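See below for the structure under consideration.
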């Protein structure tokens, strides 16, 4: 069994009540820098079959990814602009990794099509992204045929 620690700031209202606390990837710190490698297992929300699982000692991945699964990272600072992104993935049935901002149903700003693979070999794939800047929630949506599309190790954005 795996456990992760989450730390978020809380605010006490004048009446002593506490508003609902949003779970984020950034935790108690500032938004994450999109130019730094973002480990896939740092997702703060997972929907569908996708799981955080170990693939090596002290190394986790997003695995068991099925079509229509999605994950979120809150919040990422894209600074003055991003034009491409790279993922490190291990393809099984392959599929599309689609990037949306703020909500999973918002317009796609970038994607990478990953071909079918042997399920063992990690490979980097790069795709273009529409000029994105500022702080946003990052949503990754997965599409493809069959089950167990791929595993994802990390994502990184570039100017």
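Taken together, the values in this text are just the output of simple stated rules run on the coordinates, not laboratory data. As the structure is a prediction and not an experimental result, all values here were calculated from the model. Heads up, the Cβs are rebuilt from the backbone with ideal geometry, glycines too, and the neighbour counts pull from every protein chain shown.
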If you rank 106, 11 by fewest surrounding Cβ atoms within 10 Å, what's the result? 11, 106
Taking every alpha carbon pair in region 37-158 and sorting the distances into 5 angstrom bins from 0 up to the bin holding the longest one, the percent per bin comes out as 2, 12, 24, 27, 20, 10, 4, 0
Modelled label-to-label distance, residue 103 and residue 122, 7 Å Cα→beta-carbon offset: nm? 3.6 nm
In nm, the gap between the two label points placed 7 Å beyond Cα toward Cβ at residue 51 and residue 5 is 2.5 nm
Sequence of 126, 86, 24, 121 once ranked by neighbouring C-beta atoms within 10 Å, starting from the fewest: 121, 126, 86, 24
Going by how many other beta carbons lie within 10 Å of each one, how would you line up 148, 153, fewest first? 148, 153
